[in-house]
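One structure is given here, and the rest of the page talks about it.
The values are calculated or read from the model by the stated rules, or taken from the named source; none is laboratory data. Just so it is clear, the structure is predicted and the values come from calculations on it, not from any experiment. Cβ atoms come from the backbone with ideal geometry, glycine included; neighbour counts cover every protein chain shown.
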Amino acid sequence: MSANTIDINQRMNRFDRHHSVWLFGYGSLIYKADFPFIQRRPARIHHWVRRFWQGSHDHRGTPEAPGRVLTLASQPGAVCEGMAYLITPQEFEHLDRREKNGYLRLATAIEFADGEQVEGLFYVAREDNSAYLGPATETEIAAQIAAAQGPSGSNRDYVLHLATALRQLGEDDAHVFAIERYLNNRGTD
Ligand code: BEZ
C-alpha cells in the first residue's frame, strides 16, 4: 500500500451522516489537538499496544533520515489508554491530511473510565504501508529517533512530549518510557 492514505480514508464514510463521532488518540493526539472538538475524555481501546514502528519522512524525519513515530500493534488482552475527542465528521478532511503518511482510519470500540462504550475511530499504520519500519530493539529505535528531525520538529521532542502526556494520564507504558530513558541518557548527540 502506498504511504499516502488520504484517498482511502476519505472513502471511509461510515460516520459521515452522524452529527459527531469519537476519535481515539494514543499518540500526539493526546497532547496536540489542533482541531475543534466538542468534548474530550480519557479513554481506552483493547487489544492494541503502542509501538514506534512507523517511519516518518514528513513530520519527524525526512526521506533521507526518517524518524520513528507511533502506531499500534495488535496484542490480544492488552489495553491502550489514551484520549478520545468528540468531533464532527468534517474534521477528518484536515486530520486525514495530517496523518496521510500510511495511517488508515478504522472503526473501534472505545471505552471510558466509567465503563461506557461507544463506537468510534482511530488511526493505525499497518505493516502493509510503504513507510512502515517495523520492530527493532528499543536501543536501535532510540538511536534512530535521536538522529531524526523534520518539518514538525525533532523526533526526540515528539517522544518526550508523549511520555509527559502519558504520565499525566496515569499511563505506564514500558515501551515509550524505555525509549524516553535512552533518549535522556544520550543527551542530544
Ligand atoms: C494518535 O495520536 O492517535 C495518532 C498517532 C499517529 C497517527 C495518527 C494519530
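Every residue, every condition in (1) in contact (Cβ under 8 Å) with a residue 40 or more places away in the chain; (2) under 16 Å from TRP48 (Cα atoms), yes or no:
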position: GLU91; (1), (2): yes, no
position: ARG97; (1), (2): yes, no
position: ALA109; (1), (2): yes, yes
position: PHE122; (1), (2): yes, yes
position: SER130; (1), (2): yes, no
position: THR137; (1), (2): no, no
position: SER152; (1), (2): yes, no
position: TYR158; (1), (2): yes, no
position: HIS161; (1), (2): yes, no
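Scanning the stretch 69-102 for residues that are within 15 Å of the ligand (Cβ to nearest atom) and part of a loop (DSSP other than H, G, I, E, B) turns up GLU99, LYS100, GLY102.
Please go through the stretch 100-141 and pick out each residue that is over 22 Å from ARG60 (Cβ atoms), aliphatic (A, V, I, L, M) and modelled with pLDDT of 95 or more.
Applying the first criterion (over 22 Å from ARG60 (Cβ atoms)) to the stretch 100-141 yields 106-121.
Adding the requirement that they be aliphatic (A, V, I, L, M) leaves 106-107, 109-110, 113, 118, 121.
Answer for the stretch 100-141, where residues must be over 22 Å from ARG60 (Cβ atoms), aliphatic (A, V, I, L, M) and modelled with pLDDT of 95 or more: ALA109, ILE110, VAL118, LEU121.
Of all residues in the stretch 23-41 being buried (at least 23 other Cβ atoms within 10 Å of the Cβ) and aromatic (Phe, Trp, Tyr), which is farthest from the ligand (Cβ to nearest atom)? It comes out as PHE24. If you go through the stretch 103-147 and pick out every residue that is under 23 Å from ALA163 (Cα atoms) and in a loop (DSSP other than H, G, I, E, B), you end up with 8.
How many of the residues making up the stretch 36-85 are aliphatic (A, V, I, L, M) and out of contact with any strand residue (DSSP E or B) (no Cβ under 6 Å at 6 or more places or on another chain)? Explain how you work it out, then say what you get.
Residues of the stretch 36-85 aliphatic (A, V, I, L, M): 38, 43, 45, 49, 65, 69-70, 72-73, 78-79, 83-84.
Filter once more, so that each one left must be out of contact with any strand residue (DSSP E or B) (no Cβ under 6 Å at 6 or more places or on another chain): 65.
The number of residues fulfilling the criteria is 1.
Scanning the stretch 142-162 for residues that are buried (at least 22 other Cβ atoms within 10 Å of the Cβ) and not basic (Lys, Arg) yields a total of 7.
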